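Here's the structure, in structure tokens; my notes come after.
The values are calculated or read from the model by the stated rules, or taken from the named source; none is laboratory data. Please read these numbers as outputs of a predicted model, since none were measured by experiment. Glycine also receives a Cβ, built like all others from the backbone with ideal geometry; neighbour counts cover every protein chain displayed.
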Amino acid sequence: MTTAGEQRTLLGLIATKLGAMVFVFMAGVVAARTLGAGGKGEVDVALGLFALLLLLAPSIEEPQLILLAKEPAAAGRLAVNGLVLALGFGLLVLAVWWCVLGSGSGVVTLFMPRSGAQAAPPELVWLMLTAPFEILSRLLAGVLQGRRRMRSFMLVVLIRHAVVLSAMLLLVLGFELGVTGAVQAWALGALSAAASAAWFVFRDTELRANGLRCDLRLMRAQIGGGLRAQGAVVAVAVILNGDQLILWHFHGAAAVGIYALAAAITGQLRRLMVQPVKELLGSQVQQTAHDKEVLADAITRGVRRVLVLLLPPSLLLALVIWPALLLVYGEAFLSAAEPVWVLLPGGLFWAVAVVLSWWFMGQNRFGVLTLAALGIAALNVLLNVLFIPAHGALAAAWTSTLCYALHALLFACAFISGSKRGAGTLWPTAHEFRALWTKPFAAVFGRAAN
């Protein structure tokens with residue numbers, strides 16, 4: 001793919017993420033304004049527990065991209081395998097949820113709030129019923145990405161979040177179902193993502209022409225690759241969700257609702273800018289998997305791009321976050337401003353680490369990712385347990401930023417050493433900032449003036 005082609009694809013992905021972010025933002029405003037900090041916190045806890053339970057399914061998406069790069073004609077068999085794997089691992093997630101949480105087992109008392117509230121929100125059942133569909137949507141979206149069907153991939157993302165917002169408006173505002181309605185809205189989003197991904201994958205005549213059948217050899221490779229990468233995925237999930245559960249334990253649902261808002265605001269910003277770059281790298285696996293130099297060039301461009309994309313809006317957000325919170329969410333959520341300020345630099349480090357992780361994934365070195373990520377996650381949990389009881393959400397924010405910085409530093413050192421590139425090659429030039437942030441505006445205002 002040419003640089004110009006990369007730019008067009010990147011802009012399309014950013015536009016898609018921006019649309020999805022608008023839907024998520026509006027759904028979050030509905031939840032916050034309607035349910036308050038406590039109700040929103042219950043929804044956040046349910047989503048966090050669901051994300052952690054889904055870790056029982058191996059993370060097959062990235063290893064699947066490598067398989068597609070090596071065997072492009074195997075896409076149909078990988079898609080059928082995805083149906084089988086989603087059903088099997090989805091049922092496993094449901095079984096574990098029932099045994100550990102649904103049956104009222106004392107295993108989860110570690111996270112139970114000290115106030116004596118329930119160990120798991122009862123609304124979690126609606127999310128759990130969608131576990132096979134959530135897994136299926138990820139696997140099939142990965143097939144679309146690997147086959148460079150990026151338009152279809154983007155539509156799946158938009159459909160999911162449009163359904164979440166529509167259901168939130170109907171169930172929470174219209175039928176006043178409260179926390180239950182909000183959780184059901186997210187469950188409907190997972191169902192719609194699975195259905196739309198299946199539609200786009202299986203309507204592909206080229207994919208069907210190469211055969212639609214289960215392939216045990218490929219399935220073993222999918223599961224094996226997923227298990228090798230699973231440690232890194234578990235670590236990331238613990239970093240993203242573990243602090244909220246620890247905060248829930250010591251400070252209750254309202255504290256989670258406020259901190260989760262700060263994490264969501266900074267997280268949506270970085271995902272808006274980073275995910276398109278990550279997905280662009282994923283769509284180029286066929287070109288980069290067999291050439292270390294090409295892979296290094298793609299990653300260097302990717303790091304510079306995410307820094308160019310993230311730095312200006314991060315600075316702007318830091319300036320406007322306090323009045324924005326007051327205007328959009330109300331006075332009850334103003335305390336989210338301080339965690340936002342702390343998390344913003346962490347988002348930059350996280351972005352760099354995500355792009356640099358492709359240096360290892362592109363060489364099928366998932367074990368390195370696993371060891372590094374597990375070490376960072378262990379440090380994250382330790383610091384959260386030590387400091388959240390006394391310092392609450394600010395401790396969680398500082399811990400996340402510190403761990404993101406350490407993660408990025410380790411990956412940068414490994415990349416610089418392995419690729420023989422200088423650290424300066426990862427920093428964008430002034431021209432790159434001007435090219436992205438001034439030329440489009442100049443073109444728009446120039447056309448308006450004419």
Next on the checklist: Could you tell me how many of the residues in segment 173-210 are of a type in the set (Gly, Ala, Ser) and farther than 16 Å from Val43 by Cβ?
Outcome noted: 9
Checklist entry - Within segment 149-157, can one find any residue that is farther than 29 Å from Glu123 by Cα, surrounded by fewer than 18 Cβ atoms within 10 Å (Cβ to Cβ) and either of a type outside the set (Asp, Glu) or at pLDDT below 95 (or both)? => result yes
Item to check | Scan of segment 210-229 for residues that are modelled with pLDDT under 85 and in a helix (DSSP H, G or I), ordered by number | outcome: Arg228, Ala229
Item to check | Residue satisfying condition, being crowded, with 21+ Cβ neighbours inside 10 Å, touching a Pro at 6+ places or on another chain (Cβ under 6 Å) and either at pLDDT 85 or above or of a type outside the set (Lys, Arg) (or both), within set Gly146, Gly181, Gly90 | outcome: Gly90
Next on the checklist: For segment 171-180, check the following and say yes or no: at least one residue is farther than 26 Å from Val277 by Cβ and of a type in the set (S, T, N, Q).
Outcome noted: yes
Next on the checklist: Step by step: first the residues of segment 20-61, then only those that are surrounded by fewer than 24 Cβ atoms within 10 Å (Cβ to Cβ) and of a type in the set (D, E, K, R), then the one that is farthest from Gly330 (Cα to Cα). Which residue is that?
Outcome noted: Glu61
Next on the checklist: Looking only at residues that are within 15 Å of Phe25 (Cα to Cα) and not aliphatic (A, V, I, L, M) in segment 158-178, which one is surrounded by the fewest Cβ atoms within 10 Å (Cβ to Cβ)?
Outcome noted: Ser166
Checklist entry - In segment 220-235, what residues are surrounded by 21 or more Cβ atoms within 10 Å (Cβ to Cβ) and under 30 Å from Lys40 (Cβ atoms)? => result Ala232, Val233, Ala235
Checklist entry - Are there any pairs, at least 6 apart or on different chains, whose C-beta atoms fall under 9 Å, with the first in segment 295-312 and farther than 14 Å from Val354 by Cβ and modelled with pLDDT under 85 and the second of a type in the set (Gly, Ala, Ser) and surrounded by fewer than 19 Cβ atoms within 10 Å (Cβ to Cβ), and if so, which? => result Leu295/Ser419
Checklist outcome for this item: Among Gly252, Gly226, Gly267, the single one that is out of contact with any Gly (no Cβ under 7 Å at 6 or more places or on another chain), on the phi > 0 side of the Ramachandran plot and either of a type in the set (Gly, Ala, Ser) or free of Cβ contacts under 8 Å to residues at least 12 places away in the same chain (or both) is Gly252
Checklist entry - Does segment 194-207 hold any residues that are outside any loop (DSSP other than H, G, I, E, B) and either closer than 26 Å to His161 by Cβ or in contact with a Phe, Trp or Tyr (Cβ under 7 Å, 6 or more places away or on another chain) (or both), and which are they? => result Ala194, Ala195, Ser196, Ala197, Ala198, Trp199, Phe200, Val201, Phe202, Leu207
Checklist entry - Of everything in segment 117-129 that's in a loop (DSSP other than H, G, I, E, B) and out of contact with any Leu (no Cβ under 6 Å at 6 or more places or on another chain), which residue is modelled with the highest pLDDT? => result Leu129
Item to check | Pick from segment 32-82, criterion basic (Lys, Arg) and at pLDDT 90 or above, ranking: nearest to the chain's Cα centre (by Cα) | outcome: Lys40
Next on the checklist: For the list (1) assigned to a helix (DSSP H, G or I); (2) touching a helix residue (DSSP H, G or I) at 6+ places or on another chain (Cβ under 7 Å), I need the number of the one condition that Arg148 fails.
Outcome noted: (1)
Checklist entry - In this structure, is Leu382 in a helix (DSSP H, G or I), farther than 25 Å from Ala37 by Cα and over 21 Å from the mean Cα position of the chain (by Cα)? => result yes
